[in-house]
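Peer 1: Let me begin by handing over the structure; questions about it come next.
The values are calculated or read from the model by the stated rules, or taken from the named source; none is laboratory data. Bear in mind that the values here come from a model prediction, so they are computed numbers and not experimental data. Because the Cβ atoms are built from the backbone with ideal geometry, glycine has one as well, and the counts that use them run over all protein chains shown. Only protein heavy atoms, including side chains, enter the accessible area calculation; ligands, DNA and RNA are left aside. Shrake-Rupley method; radii C 1.70, N 1.55, O 1.52, S 1.80 Å.
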Amino acid sequence: MGNLVLKNIDKIVSGDIVKGILPGDAIVVRDGLIAQIGYLKDLDTAGIDTVVDTQGQIVIPGLIDCHIHNTLDDYAPQRGAVGTYSDALYYGTTTMISEGEQGPGWPRFYDDAIGCKAAAILSKRVFDRFRPGGALKFHGGALVLVHGLTEADFKEMHDAGVWLIAEIGGGGLSDPAEVEPMLEWAKKYGFFFSVHLAPPSIPGSSWVTSKEIMRLKPNKVAHTNGGSTAVSYDHIERLMDESDLTLELVVNGNFVNFNKMLRHLDKKGELHRLVMGSDAPTGQASLPGAINRAIVKAAALNDIPAWKCIAM
């Protein structure tokens, strides 16, 4: 099981922004993992009966959507959309990362520490076992920071496998004076956290500027180009020029800023700092093809090779 050969590949995109396109026309998979990449004549295909002729198509890695507001099933209640994540899988997105579960009545909107902790643990456990579309890997369980959380809570969540903090500013607490003690606990227990750069959007979200972000030093700045409404561009410039933070682009955000950021970081030789997300589901749609759309627009409008945009 899980053994196959892909042959007659036109190009093999590495997904590495430095390596680019790999030499070869074939890929050998054994036990569900890539075993070899190269030219078919040089590869060991012994014992593999399943051979897929790609007929000159291009092979790329599965795409990652690093900004999703999910529920506990393949459903987006804000849009009444069923099969949201399965649809994204068919567009080539094979991994999604939660930025905070949400929906009607969810604890994040009620400053409910017990509920937010329970929701993060439950979502993590659900998506450890549930793969939308049969294959999509979903990293669920992003804790929204609210009043009342303690260090013991962070240890309990860490022990339960939770490792994500939902975007700070997208709901819950955002004042650095309130969240900094919690982030010290989060760092102690190996959590990944992001902060959004934005004015308020949904109820409960907050103004967060470059000043707060530079102080908090997150692992990622969420929807840096605006999601959908942006801050003034000088805040974005400061994060690009005065920090080495990872910056997220969302295709449904401010599109002028989307392009300006790509061009600016391309000139600086720092495209490796950019990642892409959908911030879905949003008022624009559930956006199952968001990452494809972001890649196409980034490459087509900014004279950046598609393989670099795929790597982002």
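Peer 1: In this structure, does PHE193 turn out to be of a type in the set (Phe, Trp, Tyr) and either assigned to a helix (DSSP H, G or I) or at pLDDT below 95 (or both)?
Peer 2: Values: of a type in the set (Phe, Trp, Tyr): yes; either assigned to a helix (DSSP H, G or I) or at pLDDT below 95 (or both): no.
Taking the combined requirement at face value, the residue does not satisfy it.
Peer 1: Given (1) touching a strand residue (DSSP E or B) at 6+ places or on another chain (Cβ under 8 Å); (2) crowded, with 17+ Cβ neighbours inside 10 Å, identify the lone condition not met by ASN219.
Peer 2: The one condition ASN219 does not meet is (2).
Peer 1: Condition first: open to solvent by less than 10 Å² (accessible area, probe 1.4 Å) and either under 19 Å from the mean Cα position of the chain (by Cα) or not aromatic (Phe, Trp, Tyr) (or both). Can you find one or more residues in segment 199-207 that meet it? Give the steps one after another, and end with the answer.
Peer 2: So in segment 199-207, the residues open to solvent by less than 10 Å² (accessible area, probe 1.4 Å) come out as none.
Within segment 199-207, none of the residues are open to solvent by less than 10 Å² (accessible area, probe 1.4 Å) and either under 19 Å from the mean Cα position of the chain (by Cα) or not aromatic (Phe, Trp, Tyr) (or both).
Peer 1: Here are LYS19, LYS41: which of them is outside any loop (DSSP other than H, G, I, E, B), free of Cβ contacts under 8 Å to residues at least 12 places away in the same chain and open to solvent by 20 Å² or more (accessible area, probe 1.4 Å)?
Peer 2: Numbers: LYS19 fails: outside any loop (DSSP other than H, G, I, E, B).
Exactly one of LYS19, LYS41 is outside any loop (DSSP other than H, G, I, E, B), free of Cβ contacts under 8 Å to residues at least 12 places away in the same chain and open to solvent by 20 Å² or more (accessible area, probe 1.4 Å), namely LYS41.
Peer 1: Quick check on segment 79-94. Is at least one of its residues under 18 Å from the mean Cα position of the chain (by Cα), closer than 27 Å to ALA186 by Cβ and assigned to a helix (DSSP H, G or I)?
Peer 2: Yes - at least one qualifying residue is present in segment 79-94.
Peer 1: Exactly one condition in (1) assigned to a loop (DSSP other than H, G, I, E, B); (2) open to solvent by less than 40 Å² (accessible area, probe 1.4 Å) is false for ASP65; which is it?
Peer 2: (1)
Peer 1: Find all pairs meeting these conditions: Cβ atoms under 8 angstrom apart; at least six residues apart or on different chains; first residue within segment 107-118 and more than 19 Å from ASN70 (Cβ to Cβ); second residue open to solvent by 50 Å² or more (accessible area, probe 1.4 Å).
Peer 2: Every condition considered, the pairs that remain are ASP111/HIS147; ASP111/GLY148; ALA113/HIS147; ALA113/GLY148; ILE114/GLY148.
Peer 1: Which pairs do you get when a residue that is free of Cβ contacts under 8 Å to residues at least 40 places away in the same chain and open to solvent by 10 Å² or more (accessible area, probe 1.4 Å), found in segment 134-155, comes within reach of a residue that is in a loop (DSSP other than H, G, I, E, B) and not hydrophobic (A, V, I, L, M, F, W, C), reach meaning Cβ atoms under 8 angstrom, with the pair 6+ apart or on two chains?
Peer 2: From residues that are free of Cβ contacts under 8 Å to residues at least 40 places away in the same chain and open to solvent by 10 Å² or more (accessible area, probe 1.4 Å), the pairs are HIS147/ASP111; GLY148/ASP111; LYS155/TYR189.
Peer 1: Consider segment 106-131. How many of its residues are open to solvent by less than 40 Å² (accessible area, probe 1.4 Å) and modelled with pLDDT under 95?
Peer 2: So the answer is 2.
Peer 1: Can you report the number of residues in segment 78-95 which are exposed (fewer than 15 other Cβ atoms within 10 Å of the Cβ) and touching a residue at least 24 places away in the same chain (Cβ under 8 Å)? Walk me through it before giving the result.
Peer 2: Taking segment 78-95 first, the residues exposed (fewer than 15 other Cβ atoms within 10 Å of the Cβ) are 80, 82, 90.
Okay, now just the ones that are also touching a residue at least 24 places away in the same chain (Cβ under 8 Å), so 90.
Result for segment 78-95: 1.
Peer 1: Something else about it: Out of curiosity, is ILE58 within 23 Å of GLY134 (Cβ to Cβ) and either open to solvent by less than 20 Å² (accessible area, probe 1.4 Å) or touching a strand residue (DSSP E or B) at 6+ places or on another chain (Cβ under 8 Å) (or both)?
Peer 2: Numbers: within 23 Å of GLY134 (Cβ to Cβ): no; either open to solvent by less than 20 Å² (accessible area, probe 1.4 Å) or touching a strand residue (DSSP E or B) at 6+ places or on another chain (Cβ under 8 Å) (or both): yes.
Criteria not met by ILE58.
Peer 1: I would also like to ask the following. Can you find even one residue in segment 275-294 that is basic (Lys, Arg), at pLDDT 95 or above and either under 18 Å from SER228 (Cα atoms) or assigned to a strand (DSSP E or B) (or both)?
Peer 2: Applying the first criterion (basic (Lys, Arg)) to segment 275-294 yields 293.
Checking which are at pLDDT 95 or above leaves us with none.
No, segment 275-294 has no match at all.
Peer 1: Right, here's the next one. Name the residue, out of LYS267, LYS220, LYS260, that is of a type outside the set (Ser, Thr, Tyr) and free of Cβ contacts under 8 Å to residues at least 12 places away in the same chain. Reasoning before the result, please.
Peer 2: On the way: LYS220 fails: free of Cβ contacts under 8 Å to residues at least 12 places away in the same chain; LYS260 fails: free of Cβ contacts under 8 Å to residues at least 12 places away in the same chain.
Within the list LYS267, LYS220, LYS260, the selection yields LYS267.
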